[in-house]
Ligand code: CP
Ligand code: NVA
């Protein structure tokens, strides 16, 4: 059994294996929105318990399809409908029950410590479906999408992120260290990645550059990523933050600094950080990016259940 909490804690060879498996699964699957099993239904009889403490569309649905197509089932809990959410029952007791009834636990939470606590008490794998500090299932799937479109390993590409230093960027930074790709980040000075993350990057001596200028960050890029400036439950001064990001918008002009065939990716949902003509334009692959999550969730589930071949 394996947990899937942070990319930085997962060996690069396992991340690679997950991507490889997802490639094979995607090739074999003719129709995505159908509950027909993958060959051999490798997770037959397994129950994935999902719990969302924050909104979700893509993560919820992609895990639903993924476990069903692997032959298993899923139930979604809302934390405010449990005794835990009302403060009456401890995480330890809740975890014991989850481990008795289910085979895996996917949690989206506003509290990183909660995931760690569940990990401590669960005897089944826990998957981080987004936390304040990371969004690992999203980023692994995005790497799959980049390599699928570019037909090259990500280590041979220049990746650019223009946007907030949020959970998705943190996971992209972890992926850059693990899978050795160049990452150029464009963001206002006040909203740079935090010191702990930068120290970790420094320690690992990797290829990550920060610019307080969107054009410099986009220079020679093969891929430009972005995300909402204001994430779910962002506690910062929203007015100030939006003002600081005024010069970090993704528009058509920005792409003149990047490589000619540069693509645009965004995990969704979107805000005002990108213009409609980019988001809906030829360089954008955001819908393919979203649908790929099903294939990659499957391989993540197989990794967690110790069934990745
Ligand atoms: N990208 C993503 O995680 O979307 P949801 O918040 O809709 O799950
Ligand atoms: N950074 C965003 C990602 C949403 C999928 C958030 O945390 O809201």
Cβ pairs under 6 Å, 6+ apart or interchain, first in the stretch 258-270 and within 10 Å of residue 283 (Cα to Cα), second assigned to a strand (DSSP E or B) and within 13 Å of ligand 2 (Cβ to nearest atom), ordered by first then second residue, are 265/225
Of the conditions (1) more than 15 Å from ligand 1 (Cβ to nearest atom); (2) farther than 30 Å from residue 99 by Cβ; (3) modelled with pLDDT of 95 or more; (4) part of a helix (DSSP H, G or I), residue 120 fails just one. Which one is it? (2)
Hand me the list of strands (runs of 3 or more DSSP E) wholly inside the stretch 201-309 holding 2 or more residues that are within 16 Å of ligand 2 (Cβ to nearest atom). 223-226, 263-266
Checklist (1) farther than 16 Å from residue 12 by Cβ; (2) surrounded by fewer than 24 Cβ atoms within 10 Å (Cβ to Cβ); (3) away from ligand 2 (no atom under 15 Å from the Cβ) applied to residue 153, failing item: (1)
Select, from 307, 260, 228, 282, the only residue that is within 22 Å of residue 187 (Cα to Cα) and surrounded by fewer than 21 Cβ atoms within 10 Å (Cβ to Cβ). 228
When residues of the stretch 144-180 are filtered for being in contact (Cβ under 8 Å) with a residue 40 or more places away in the chain, within 16 Å of ligand 1 (Cβ to nearest atom) and closer than 20 Å to residue 250 by Cβ, how many remain? 11
Quick one: would you say residue 165 is in a loop (DSSP other than H, G, I, E, B), within 16 Å of ligand 2 (Cβ to nearest atom) and surrounded by fewer than 24 Cβ atoms within 10 Å (Cβ to Cβ)? yes
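Conditions tested, residue by residue: (1) at pLDDT 95 or above; (2) in a loop (DSSP other than H, G, I, E, B); (3) loosely packed, with under 15 Cβ neighbours inside 10 Å; (4) within 16 Å of ligand 2 (Cβ to nearest atom).
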| residue | (1), (2), (3), (4) |
| --- | --- |
| 16 | yes, no, yes, no |
| 56 | yes, yes, no, yes |
| 68 | yes, no, no, no |
| 85 | no, yes, no, no |
| 88 | no, yes, yes, no |
| 105 | yes, no, no, no |
| 115 | yes, no, no, yes |
Being outside any loop (DSSP other than H, G, I, E, B) and away from ligand 1 (no atom under 12 Å from the Cβ) is the filter here; which residues of the stretch 127-139 pass it? 127
Might you check whether a residue that is part of a loop (DSSP other than H, G, I, E, B) and more than 16 Å from ligand 1 (Cβ to nearest atom) occurs anywhere in the stretch 21-30? yes
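The values are calculated or read from the model by the stated rules, or taken from the named source; none is laboratory data. What you are looking at is a predicted structure, and each value in this text was computed from that prediction instead of being measured. All Cβ positions, glycine included, derive from the backbone under ideal geometry; neighbour counts span all protein chains shown.
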